[in-house]
Amino acid sequence: MNGKENDMNLDQEVINSFGHEWEAFDYSETETDEALDAQFLAYCAPIELVRFDSSTAVAADFGAGSGRWTSRLLPYFLVVYALEPSDGAIKVLKNKFSDETRVKILQETVGANSIPSGSLDLAMSLGVLHHIPDTGLAIKDVASKIKGGGVFLCYLYYKLENKPLYYRGLFWASNSLRWVISRLPYAMRKLIAKIIASAVYLPLARTSKLLGNK
């Protein structure tokens, strides 16, 4: 099976769901910038972004979503491809980067895209490739776009084998709930997500911020 066929097997509902998510939560609020900056630097800890020549280097964000990582790559690269298959996210990307000519927005897939082979100094894919049925093939598809000596920065779900038992238990509980909610109609999913965000995540975030300021 080639990369194009692999992507065709990806449930269109998954793509649409992410499109809805990025339309609703596009990370445009400036109050989230500091947290996203810190998260981006944590993801990039294994590499030194300053090693790239910003006057010539090319990067790609595979599964760009709202473009929150694409925008943070820009200071280090001449060109950044933002590759995203969903209609909803593409709208967000086009709006966010309407005045940025260095961002090349591609509504294409990991296995079938127009990024030239062997052209990238950095390929980034954070929390995306595990959603593709053949993740191993998806990794190979991305790797084929990287030039010799280039870097592939990737984050995938894993089995949490290095985490304590209580952590794995909490993840199992939350993931089980997510499994149920993800199969509900979109309007119901959105409503439940807002309730959980308001009743669970917001209090935790506010408490964490308060304790962190002490």
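Within region 39-60, residues that are within 22 Å of L83 (Cβ to Cβ) reach partners that are surrounded by 11 or more Cβ atoms within 10 Å (Cβ to Cβ) and of a type in the set (D, E, K, R) with beta carbons closer than 6 Å, at six or more positions or on different chains, in the pairs F40/R72; F52/D121; A57/D121; V58/D121. In summary, D53 fulfils each of the numbered conditions (1) open to solvent by 70 Å² or more (accessible area, probe 1.4 Å); (2) part of a loop (DSSP other than H, G, I, E, B); (3) among the charged types (D, E, K, R); (4) modelled with pLDDT under 95 with the single exception of condition (4).
For region 79-102, filtered to residues that are outside any loop (DSSP other than H, G, I, E, B) and within 11 Å of A64 (Cα to Cα), the residue that is most open to solvent (accessible area, probe 1.4 Å) is Y81.
Here L202 fulfils each of the conditions (1) within 30 Å of F52 (Cα to Cα); (2) surrounded by 11 or more Cβ atoms within 10 Å (Cβ to Cβ) apart from (1). Every condition in (1) over 12 Å from L122 (Cα atoms); (2) within 13 Å of the chain's Cα centre (by Cα); (3) at pLDDT 55 or above is met by F18 except one, and the failing one is (3). Filtered by the rule that a residue be small (G, A, S) and either open to solvent by less than 10 Å² (accessible area, probe 1.4 Å) or outside any helix (DSSP H, G or I) (or both), region 59-76 gives A59, A60, G63, A64, G65, S66, G67. Here G148 clears all of (1) of a type in the set (G, A, S); (2) out of contact with any strand residue (DSSP E or B) (no Cβ under 6 Å at 6 or more places or on another chain); (3) open to solvent by less than 70 Å² (accessible area, probe 1.4 Å); (4) closer than 30 Å to S119 by Cβ except the condition numbered (3).
The values are calculated or read from the model by the stated rules, or taken from the named source; none is laboratory data. A quick note: this is a predicted structure, and the numbers were derived from the prediction, not measured. A quick note on method: Cβ atoms are made from the backbone with ideal geometry, for glycine too, and the neighbour counts reach across all protein chains shown. Just so you know, the surface numbers come from the protein's heavy atoms only, side chains and all, with ligands and any DNA or RNA stripped out. Shrake-Rupley method; radii C 1.70, N 1.55, O 1.52, S 1.80 Å.
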